1. Restrict the search to region 494-535; then list the trypsin sites (Lys or Arg not before Pro) that DSSP places in a loop and that have at most 16 other Cβ atoms within 10 Å of their Cβ.
2. For region 450-568: lysine pairs with Cα atoms under 22 Å, gap of 8 or more or different chains, count?
3. Structure shown: which of K239/K286; K160/K272; K195/K270 lie over 27 Å apart, alpha-carbon to alpha-carbon?
4. Suppose we keep just the alpha-carbon trace of region 371-463; what are its Rg and Dmax in angstrom?
5. How many nm separate the modelled label positions at K270 and K307, each set 7 Å beyond the Cα in the direction of the Cβ?
6. Taking 0.36 nm per intervening residue step and subtracting the Cα-Cα distance, what contour gain separates Q547 from D316 on full extension?
7. For the chain, what is the mean residue ellipticity at 222 nm derived from helices alone (per DSSP H run of n ≥ 4: -39500 (n - 2.57); sum divided by total residues; nearest 500 deg cm²/dmol)?
8. Report the dimensions of region 281-371 along its three principal axes from the alpha-carbon atoms, largest first, rounded to Å.
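Taken together, the values in this text are just the output of simple stated rules run on the coordinates, not laboratory data. It should be emphasised that the depicted structure is a prediction, and the values quoted were computed from it without experimental measurement. Counting neighbours? That spans all protein chains shown, and the Cβs are built from the backbone with ideal geometry, glycine included.
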Amino acid sequence: MPKIEVNEKLFFSLLKEKYDYDTLEKKLTCAKAELDEKPDMSMAENERVIKIELNDTNRPDLWSTNGVARQLRLHDGLKTIDYMSLMSNKGNGDYEGRVINVDPALKDIRPYMVAFMIAGKAIDDPMLKDIIQTQEKLCWNFGRKRKSISMGVYRIDQVKFPAEYKAVDPDKTSFVPLACDAPMTCRQILTEHPKGKDFGWIIQDLPKFPLLTDATGEVLSMAPVINSATLGAVQVGDKDLMVELTGDNIENLLLSANIVACDFADQGYKIKPILVKHPYDTGLGKDILAPFYFQPQTKAQIKNINKLLGSDFTADQIQKALERMGNTVSISGEEVTLSPAPYRNDFLHEVDIIEDVMIGSDLETFKPAKPNDFTIGRLLPITLLSRKAKTLMVGLGYQEMIFNYVGSKKDFIDNMLIDGSKVIEIANPMSENYQFVRSDILSSLLRAESKSANAIFPHKICEIGKVAYLCDEENTGTRTRQVLGFMTSGAGSNFNNAASEVSALLYFLDHKYEVAESDDPRFIPGRQAAVLANGKKIGVFGEIHPQVLENWNITVPAVGGEIDLEEI
């Protein structure tokens, strides 16, 4: 879960009141947060740092000092500024010639940009640190390590409009990146600059790189990697700033822009829009003037709110509770219509409104109640069957293993001689060793066997666990199953041994089965069989293909198989 560090003096000045830390701990509940670490009281007040942990990831507006303080003020019934008035489509639409033109070539590279300007007073040190923290939290967590969202901040007094967001040749375009004093090509930055090494993977395989320049050709940044050392170096004392965000989802970009704009407005800054002209449709039009209000309304029934919460709230109580969470609410008869604040976009269902009613009413409103019904917990049938199968496998001489469910392409696809068309790939893996979800257990067993050459043969290992694979029949597009996998390796391992053990297992599980020819590439042709129950394939077993054994550096024969326990 996200953790943020807030300057104590700045935080309490935003709250308009200083609390002791026990009181603050209780109040943080309304922001789905808790006190992670108190500050070092030996430090000066303006240097103390409070660490707060957020327990929810669907409210990125709370990932900053201003966001948490705003929610606490609202919950206490204090007035805040009119955030809707900051939106370009709600009255704040004069961009005064501040225009950024987008290159058509960026459509398939990094297609969207939004931007706005802040003005009115100089940036002080606590605010600058909070800007940097907000930028990091939004882009790292909400923006998937900058892949979907990146943010840049610039000194706008030196920017000449109209600016250009364009695609450039990475080997022929150069500029001086932040923290450097000599120009580097865009390609060089990816391999030689620290930020290039951290985030270059996002654009390194693209034919051209995105670059933001002003009307004179001066470079502002190479999104999403690094700002320039000239216009992109914001310091304490800078007054007028431009904030831009680039990415691949226009709604997420606008939400992030609204969050940052509202944070600055809470600090007393004026928010001025910037027009970004796209040559293609973004889903919200071609010309985007941020900040921009785009969130749809959500509806709920009063009777459903009270039923789910076990309460008897009146319409007036419900409206006040929702307004304490920053929402605009209208109630007609039994229907509640909610318009979220510009910095929120987490209302997908009636239940989301009900959750806000609960938090806005204060959790202490709900008195603890003892259960009215006495129930007895029980294990699921698949769990009982798995335990019985596990006992039988131990009786057949197998040792139980437990493995990770994620691994590399080499382990789950290449070594197993399968095409990988049904293997689930993780979109943003930490490393290639954790890039795929296993679609079979046999690969895990082979990995264990490849490390066990020094143990006395024969080796008999098994696992009962989950596998998952792509499946068009499911609404989610994937299917997860409980599967028994087993493998025997050693000089005497052959098809007949595996067949007799499958027969014994299914006999004691009281299940009739048949076998049929199989063409699984993991096994030797003609030395494998599919297991059928009621005409449906529930498993496979046979002698492991020599190429598979070679891929795993296993030097002895091996037999193995898998049975889908959920099918029986």
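1. Working: sites: K512, R522, R527; in loops: K512, R522.
Within region 494-535, the qualifying trypsin sites (Lys or Arg not before Pro) (loop, at most 16 other Cβ atoms within 10 Å) are K512.
2. Working: K451/K460; K466/K536; K466/K537; K512/K536; K512/K537.
Count of close lysine pairs: 5.
3. Working: K239/K286 30 Å; K160/K272 16 Å; K195/K270 31 Å.
The pairs that break the limit, which is 27 Å between Cα atoms, are K239/K286; K195/K270.
4. For region 371-463, the Cα radius of gyration and maximum Cα-Cα distance read 17.8, 59 Å.
5. Distance between label points: 5.2 nm.
6. On the way: separation 231, 0.36 × 231 = 83.16 nm, distance 7.19 nm.
So the extension gain works out to 76.0 nm.
7. Numbers: 14 runs with 141 residues, N = 568.
So the helix-based figure for the chain works out to -7500 deg cm²/dmol.
8. Principal-axis extents of region 281-371 (Cα, largest first): 56, 26, 22 Å.
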